[in-house]
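Participant: Handing you a structure now.
The values are calculated or read from the model by the stated rules, or taken from the named source; none is laboratory data. Predicted model only: the values in this text are computed from it and were never measured. Note: ideal-geometry Cβ built from the backbone for every residue, glycine included; neighbour counts use all protein chains shown. Note: accessible area is taken over every heavy atom of the protein model, side chains too, but ligands, DNA and RNA are not part of it. Shrake-Rupley method; radii C 1.70, N 1.55, O 1.52, S 1.80 Å.
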Amino acid sequence: MTKNSKNPPPVERRTNALRSSVETCLQLYFKKLNGEKAADLYKMVMSEVEYALIHTVLEHTQGNQSKAAEYMGITRGTLRKKIKEHGLENPKD
């Protein structure tokens, strides 16, 4: 294997996989619209991704908000606000 043909580092592969998943979901969304106009797409996508991010990180940290906030690079206060906004007060449900 040549130096230029090496696989990307694990973090880059995961980032590419996440990006690819989002692109695939958006393509399916547009197909389902069947020509209808999309509205507030940015807000919708960011809200869905944020919900999934917070929910999954809280599960991973077993509900430890301090660890979850650290993993996400935000303050615990911001995380608590986002938890409330998304109705994730009881993430184990």
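Participant: Which of the residues spanning region 44-55 are open to solvent by less than 80 Å² (accessible area, probe 1.4 Å) and either touching a Gly at 6+ places or on another chain (Cβ under 9 Å) or over 13 Å from GLY87 (Cα atoms) (or both)?
Facilitator: Step one: of region 44-55, the residues open to solvent by less than 80 Å² (accessible area, probe 1.4 Å) are 44-45, 47, 49-50, 52, 54-55.
Those that are open to solvent by less than 80 Å² (accessible area, probe 1.4 Å) and either touching a Gly at 6+ places or on another chain (Cβ under 9 Å) or over 13 Å from GLY87 (Cα atoms) (or both): MET44, VAL45, VAL49.
Participant: Residues being under 23 Å from ALA68 (Cα atoms), among the basic types (Lys, Arg) and at pLDDT below 90: count how many of those fall in region 1-53.
Facilitator: Selection size over region 1-53: 2.
Participant: Please give the number of the condition GLU59 fails out of (1) at pLDDT below 95; (2) surrounded by 12 or more Cβ atoms within 10 Å (Cβ to Cβ); (3) not in a loop (DSSP other than H, G, I, E, B).
Facilitator: (1)
Participant: Residues that are exposed (fewer than 13 other Cβ atoms within 10 Å of the Cβ), at pLDDT 95 or above, touching a Pro at 6+ places or on another chain (Cβ under 9 Å) and of a type in the set (Gly, Ala, Ser): does region 75-86 have at least one? I'd like the intermediate steps shown before the answer.
Facilitator: Residues of region 75-86 that are exposed (fewer than 13 other Cβ atoms within 10 Å of the Cβ), as a first pass: 75, 77-78, 81, 84-85.
Pick out the ones that are also at pLDDT 95 or above and you get 75, 77-78, 81, 84-85.
Still in the list and also touching a Pro at 6+ places or on another chain (Cβ under 9 Å): none.
No, region 75-86 contains no residue that is exposed (fewer than 13 other Cβ atoms within 10 Å of the Cβ), at pLDDT 95 or above, touching a Pro at 6+ places or on another chain (Cβ under 9 Å) and of a type in the set (Gly, Ala, Ser).
Participant: Look through region 7-43, keep the residues that are open to solvent by less than 70 Å² (accessible area, probe 1.4 Å) and small (Gly, Ala, Ser), and return whichever of them is farthest from the chain's Cα centre (by Cα).
Facilitator: Once the filter is applied, the top-ranked residue is ALA38.
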